[in-house]
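The numbers here are math on the coordinates, done by the rules we state, and not lab data. Every value quoted in this text rests on a predicted model; they were computed, and no experiment measured them. All Cβ positions, glycine included, derive from the backbone under ideal geometry; neighbour counts span all protein chains shown.
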Amino acid sequence: MLFVVELELSIHGRQFSFWILNHEGHEGHEEKIKKKQAIKVFSYLSLRALRVLRGKIGITDPWSGGRRLVFLLPNWYTKPMAFKGYIQVYTGNGKGKTTAALGLALRAAGRKKKVYIAQFMKKTFYGELGAIQEHLGEYITIKQFGLPDFHHSGKDVTPGEKKAAMAGVEAVKKAIQGKKYHVVILDEANILAHFKIIDIKYLLEIIDNKPDDVELILTGRNAPHEFIKRADLVTEMKEIKHYYKKGIQARIGIEK
């Protein structure tokens, strides 16, 4: 059975008709051209567009008497692009670290990618919980692993804090091992390490064993050197001005 798809495209003012044949398809006289020639002809097209196509691609050039050619594209052209995941760290004393991670999660969900968010050191309702649970639950999973009271500098780490943090670490490892999620976010993981709520080795184990097809994001102030060294991208949010210095508290729908 012959499968043909016609596509019209204008390249530098010239109209071309592209068509695709299935692997066994034949139509008229075929002319196979070398790989370098095919690359030259298709250099006008985006590589991403080509990867969507399969098998044989044909082109009719009206300026050459309507001659139709068949290009047998190599596998590296027709094979779908594999998702390559990297390690990102959002740190600094400025506002926006968790917000940036949530924005990335939203973007990923818009592309139908699965996202797992572990919020460490948090056990309070934030707006993102309601939005995800009510509208984005199909693509984003969010869990909190903390206590209602935020840990303050100089305060001794309690057994409850350690237990909650380790539960989060195990949940993240399970989520990654399940091969279900494309993006995994460890919210406040930097602070978790900074305050030594748990040994940093447990977090480094997650980073060092990250699969190639998983994007890993770690947020929070005071990102440890070990995280920054392993990261592919590090963004520091720097505070220039902040209205909390005027006594403005966290607002519903903006900060929480």
Nonlocal amide H pairs with ILE142, under 5 Å, H built at 1.01 Å: ILE117
Amide hydrogen neighbours beyond the local backbone of VAL234, cut-off 5 Å, H modeled: VAL89
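Find how much the distance from LEU233 to THR158 grows on full extension, using 0.36 nm per residue of separation minus their present alpha carbon separation; answer in nm with one decimal. Write down the numbers at each step before the final one.
Numbers: separation 75, 0.36 × 75 = 27.00 nm, distance 3.25 nm.
That pair, LEU233 and THR158, stretches by 23.8 nm at full extension.
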Fully extended contour minus Cα-Cα distance, from ASP212 to ARG107, at 0.36 nm per residue: 35.8 nm
Under 5 Å, built H, 5+ apart or other chain: amide partners of LYS114: HIS182, VAL183
Sparse-neighbour loop sites [chymotrypsin sites (Phe, Trp or Tyr not before Pro); segment 96-125; at most 11 other C-beta within 10 Å; DSSP]: PHE125
Distance cut-off 17 Å, percentage of C-alpha pairs in segment 188-256 lying past it: 54 percent
Two-site label geometry, LYS245 and LYS143: point separation in nm, points 7 Å out along Cα→Cβ: 4.0 nm
